[in-house]
Every structure is written in structure tokens, then in C-alpha cells.
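The values are calculated or read from the model by the stated rules, or taken from the named source; none is laboratory data. The structure presented is a predicted model; accordingly, all values stated were derived computationally and were not measured. Cβ atoms come from the backbone with ideal geometry, glycine included; neighbour counts cover every protein chain shown. Please note that ligands, DNA and RNA were not included when accessible areas were found on the heavy atoms of the full protein model with its side chains. Shrake-Rupley method; radii C 1.70, N 1.55, O 1.52, S 1.80 Å.
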Amino acid sequence: MTTTAPLGTEERTGSPAAPADGRRTALGRIRSGNGLVFVLPFLLVFGLFMVWPIVQGLWMSFTDSSLALRDTNFVGFDNYTEAFGDADVWSSLGNTVFFTVISSVPLVLAALAMALLVHSGLAGQWAWRLSFFAPYLLPVTVVTMIWTWLYQPELGMANQLLDTLGMEPVGWLSDESVAMWSVAALTVWWTVGFNFLLYLAALQSLPTTFDEAAALDGAGAWRRLWSITLPQLRRTTGLVAMLQVLASLKVFDQIYILTKGGPNGSTRPVLEYVYDIGFTGYRLGYASAVSYLFFALIVVVSLVQLRLFRRED
């Protein structure tokens, strides 16, 4: 037996829906407007201090802009062509890549070793954590001052230690073959604490089920570390490696304060060369072109790293 709805039911039941939908739409618009009000200050600051300088610097790279001249002329790709043929650009780029290699590898491996040491339940946990992370809190000027004293040719502790061992003193900052290694040692001591915290946080978040099951099956500590712990840290290692490579490529502060690119340009990175030609040589247009070429290199390195990590996953 079927029943039919009374006439006008559709109208009575359907008529309130339209105003309800309209109220929801109006309410959504009001909420979107309120959200935009809160986001607008950030967008203004971001556009003023980030987007606009990027656009302005890109335009400047196509001009002969200079601090010594008022007139600015459009030169097209002349600055980029000159940069590709500039031996100093390639030399500073080589120094940057060399520093990245010799600093990134120990910063990843040392941070992992330190995190495993602390996570193993070693006595005096707070002292180990403090000693590993404290240098990272120091400003770069303090760090370079400390290591300048350590590297002093006659009174520095490094050469005094070598003298105690019966070895010849080393020109830590004056020898071209040693200076970059000296800067890398400073950088490792100073920044390894950040990577150490990342690894320690990852270790503390790992489930203990697999490790306990392997121990019950008779697996030793090294076997559990190699087959269980390290594979679970693959994502963290990828993150640490990516952040470290990018940070090392952008090195400037400690080298500029410690050696100013010497001796004979053996430690001058790309960013210091950009600084020199822009603010010492007054060639802002050419400095902008070099910096954007270096920016493109960093983007390529980042994309390659992301591709490799995704393939591993």
C-alpha cells in the first residue's frame, strides 16, 4: 500500500533549505574574510622583505648597477656570461663544494654517534646533552674568537699539543692546504649539536618492540643497530643530510671572520666572493648575477636530494 504526500509538502520542506544554504555561504565568507585579516600582516611583511628583494635582485642581475654610479643600464645576459668565464667564480665555487663535503659527512656521522651514545643510557645524561648542544647556542663571533686562540701559531693550544707530542707546529690558518680543514673542524664543533638533537628525538620516538624481539632471538647490540635501528632512522638521516648540505653550501660567517677567504683565496666561498664584488668592487649587478647562479645550483641540489630520498622510500 502506497501513500502520497499531501500537496504542497515539497514546497514546505524545500523552502527552508535555500535560506539555510545562503546563511552557510555567508558565514563561510565571513570566516574567510576574518582569516584573511589575520594573514594579511604576514603577507605584507613577506612581500616587502622577501618577494620584493628577490624580484629586485633578479632585475639588478640584468643591469650594470653599481654603488659608484648613479645611472643603471640594461645589459641583458652580459653579467651571466661574464660569470661563467670568471675564474674566481669557479675557484670560490670549488672551495664551497670542498667545504660542503668535508664538513657535511662528519656532521652527520658524528651527530648519529653522539645521539646513539646518549640514547644508550650512559650515566650523566644531562651533562652529555648539555656538552653536545651548548656550542650550537654560541654566536659565530664568540666561536671564531675561541678557535682563533686555539689556532694561534705560537701560543695556541693546538700547536702546544703538537709540540708536546714532538711534532712540528702547523699554520692552521696560514697554510693553504690546512686552512679549509681548520674551518671545517670549527664548524663541526659548533653546529653538530643541532643534528644531534634531531637524531636523539628520532631515536626516542622509535618503537622498542623490534629491538626487544631481536634481543630475545639472540641478536647482539651491533646486529640490532645495523639491521633494526639504522634502517628506521633512514628518513631522519635524509633530513639531516639535506639540511646540512644546504647549510654548508651557504657558508659565510665563520670563514669571513676567521680567514676572510685567505690565505690566497683558498677558503673564500661563493657568498664571500659575492660580498667582495658587490660591496668592495661596487658591482651590484654582477654580484646579483653570481648570487642567482649560485641560487640555481642550490635549487638543483635540493631537487636531486629530494628525488633520491623519495626513490629510497
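Observations on the model:
- Close contacts from segment 251-266, counting a first residue that is basic (K, R) and a second that is open to solvent by 20 Å² or more (accessible area, probe 1.4 Å), with Cβ to Cβ under 9 Å and a gap of 6+ residues or different chains, come to K260/R268.
- Enumeration of residues in segment 151-207 that are farther than 26 Å from N95 by Cβ, crowded, with 18+ Cβ neighbours inside 10 Å and among the small types (G, A, S): A202
- Among (1) among the aromatic types (F, W, Y); (2) outside any helix (DSSP H, G or I); (3) under 30 Å from S182 (Cα atoms) - the single one F295 does not satisfy: (2)
- Checking the stated criteria, Y136 turns out to be out of contact with any strand residue (DSSP E or B) (no Cβ under 8 Å at 6 or more places or on another chain) and open to solvent by 60 Å² or more (accessible area, probe 1.4 Å).
- Extreme residue, surrounded by the fewest Cβ atoms within 10 Å (Cβ to Cβ), among residues of segment 279-292 that are assigned to a helix (DSSP H, G or I) and free of Cβ contacts under 8 Å to residues at least 40 places away in the same chain: T280
- Matching residues in segment 265-313 - criterion: being among the acidic types (D, E) and more than 29 Å from T236 (Cα to Cα): E272, D276
- Any hit, segment 103-119, residues being in contact (Cβ under 8 Å) with a residue 24 or more places away in the chain and open to solvent by 70 Å² or more (accessible area, probe 1.4 Å): yes
- Odd one out for R311 among (1) open to solvent by 50 Å² or more (accessible area, probe 1.4 Å); (2) modelled with pLDDT under 90; (3) in contact with a Phe, Trp or Tyr (Cβ under 9 Å, 6 or more places away or on another chain): (3)
- Segment 121-158: number of residues that are within 18 Å of I255 (Cα to Cα), assigned to a helix (DSSP H, G or I) and free of Cβ contacts under 8 Å to residues at least 40 places away in the same chain: 5
- The residue of segment 256-272 that is nearest to A68 (Cα to Cα), among those that are within 17 Å of the chain's Cα centre (by Cα) and open to solvent by less than 40 Å² (accessible area, probe 1.4 Å), is V270.
- Which numbered condition G220 fails, given (1) touching a residue at least 12 places away in the same chain (Cβ under 8 Å); (2) over 27 Å from the mean Cα position of the chain (by Cα); (3) open to solvent by 20 Å² or more (accessible area, probe 1.4 Å): (1)
- Assessment of segment 301-312 against the conditions (in contact with a helix residue (DSSP H, G or I) (Cβ under 6 Å, 6 or more places away or on another chain), within 17 Å of V108 (Cα to Cα) and either outside any helix (DSSP H, G or I) or not charged (D, E, K, R) (or both)) yields at least one matching residue.
- Subset of segment 226-241 that is of a type in the set (A, V, I, L, M, F, W, C) and open to solvent by less than 40 Å² (accessible area, probe 1.4 Å) - its residue that is nearest to V274 (Cα to Cα): A241
- The residues on offer are A68, A87, and the sole one that is out of contact with any helix residue (DSSP H, G or I) (no Cβ under 8 Å at 6 or more places or on another chain), exposed (fewer than 12 other Cβ atoms within 10 Å of the Cβ) and touching a residue at least 40 places away in the same chain (Cβ under 8 Å) is A68.
- Flag if Y275 is open to solvent by 40 Å² or more (accessible area, probe 1.4 Å), in contact with a Ser or Thr (Cβ under 7 Å, 6 or more places away or on another chain), part of a helix (DSSP H, G or I) and within 17 Å of D88 (Cα to Cα): no
- Here Q244 meets the list (1) more than 27 Å from the chain's Cα centre (by Cα); (2) open to solvent by less than 40 Å² (accessible area, probe 1.4 Å); (3) under 30 Å from V89 (Cα atoms) almost entirely, failing just condition (1).
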